[in-house]
Amino acid sequence: MILPLEVLSQWRGNSGNGYYAAPDTVWIISGKKELDNRFQKQKLDFVIDARQTLISSQTARLGGLRLGVEYRRVHRFGFGVYGLGDGVNLKSLSEVDTTISQAVMNLSYVSLYYERVLYFHPKWEWSATVHMGKGKIEGSYRRSSSDVWYTLQPREVKPFEISTTGYYHLTWWCSLGVGVGYRYMRSTPAEVRPVYNVPVAIAKIRIKCGKLVKSIWNKEAKYEY
């Protein structure tokens, strides 16, 4: 009997009897990586996500959380929620009006994200991420000739962000990440778009919640990565 080529490729030969399933592999920059029993096919992805960015040539912090799923170790996708908290104080807002001498602005949005792990190792990894969001800019301002504060009409925004991040696995349940990226505001009024089309510096803390819960009854869970 002649066996098909795909069957022959799964035959154990002299090492044993019967067949075995071909190992599951994923692509990373160093080539194909085999997924052995240390890898879960899917697990929870929870990240505390912070960004240092520029708004009207001034630095601002953008904090947020994201929650999703990691699939086959290299695919992560889900939802993110981001906001600037109490707002950013600006000494001018010439992009909107040259007479504005002071402004306070807030950016908040929700996003869909996809992160692709490009390389991983038991102690560190490197990835690239895309965010597509929808939210709004709100704020208030005053002109140089007056002490009266005016409300800035909310502007709908659709941020698009691409970034790259390197992670260091601090412990078996927590990783620290730093990276860089760029934010582009789609479908945003022209007068405020230049304010937010800026580079971003990224800091992340990944909490491996699923791993922590699983470790309660399975002590070997800490060795998964």
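Is it true that Glu125 is more than 19 Å from Phe39 (Cβ to Cβ), part of a strand (DSSP E or B) and of a type in the set (Asp, Glu)? Taking the combined requirement at face value, the residue does not satisfy it. Just one residue in the set Val110, Val96, Val69 is out of contact with any His (no Cβ under 8 Å at 6 or more places or on another chain), part of a loop (DSSP other than H, G, I, E, B) and not hydroxyl-bearing (Ser, Thr, Tyr); that residue is Val96.
Residues of the stretch 101-118 that are within 16 Å of the chain's Cα centre (by Cα) and either hydroxyl-bearing (Ser, Thr, Tyr) or modelled with pLDDT under 90 (or both): Ser108, Tyr109, Ser111, Tyr113, Tyr114.
All conditions but one from (1) touching a helix residue (DSSP H, G or I) at 6+ places or on another chain (Cβ under 9 Å); (2) without any contact (Cβ under 8 Å) to a residue 24 or more places away in the chain; (3) under 27 Å from Val96 (Cα atoms) apply to Thr188; the one that does not is (2). Answer yes or no as to whether Phe39 is modelled with pLDDT of 80 or more, assigned to a loop (DSSP other than H, G, I, E, B), of a type in the set (Phe, Trp, Tyr) and closer than 24 Å to Ala221 by Cα. It is true that Phe39 is modelled with pLDDT of 80 or more, assigned to a loop (DSSP other than H, G, I, E, B), of a type in the set (Phe, Trp, Tyr) and closer than 24 Å to Ala221 by Cα. Restricted to the stretch 142-159, and to residues there that are buried (at least 16 other Cβ atoms within 10 Å of the Cβ) and under 15 Å from Leu107 (Cα atoms), the residue that is farthest from the chain's Cα centre (by Cα) is Leu152.
Sort through Ser15, Ser56 and tell me the only one that's touching a helix residue (DSSP H, G or I) at 6+ places or on another chain (Cβ under 8 Å) and modelled with pLDDT under 85. Break it down into steps so the answer makes sense when it comes.
On the way: Ser15 fails: touching a helix residue (DSSP H, G or I) at 6+ places or on another chain (Cβ under 8 Å).
Ser56 is the lone residue from the list that is touching a helix residue (DSSP H, G or I) at 6+ places or on another chain (Cβ under 8 Å) and modelled with pLDDT under 85.
Against the condition closer than 30 Å to Tyr223 by Cα and loosely packed, with under 14 Cβ neighbours inside 10 Å, how does Val69 come out, does it pass? Yes: the conditions hold for Val69. When we screen Lys219, Lys214 for residues that are more than 23 Å from the chain's Cα centre (by Cα), without any contact (Cβ under 8 Å) to a residue 40 or more places away in the chain, under 17 Å from Arg38 (Cβ atoms) and surrounded by fewer than 13 Cβ atoms within 10 Å (Cβ to Cβ), the only hit is Lys219.
The values are calculated or read from the model by the stated rules, or taken from the named source; none is laboratory data. Only a predicted model underlies this, so the values are computations on that prediction, with no experimental measurement involved. Using ideal geometry, Cβ is built from the backbone for each residue, glycine included, and neighbour counts are taken over all protein chains shown.
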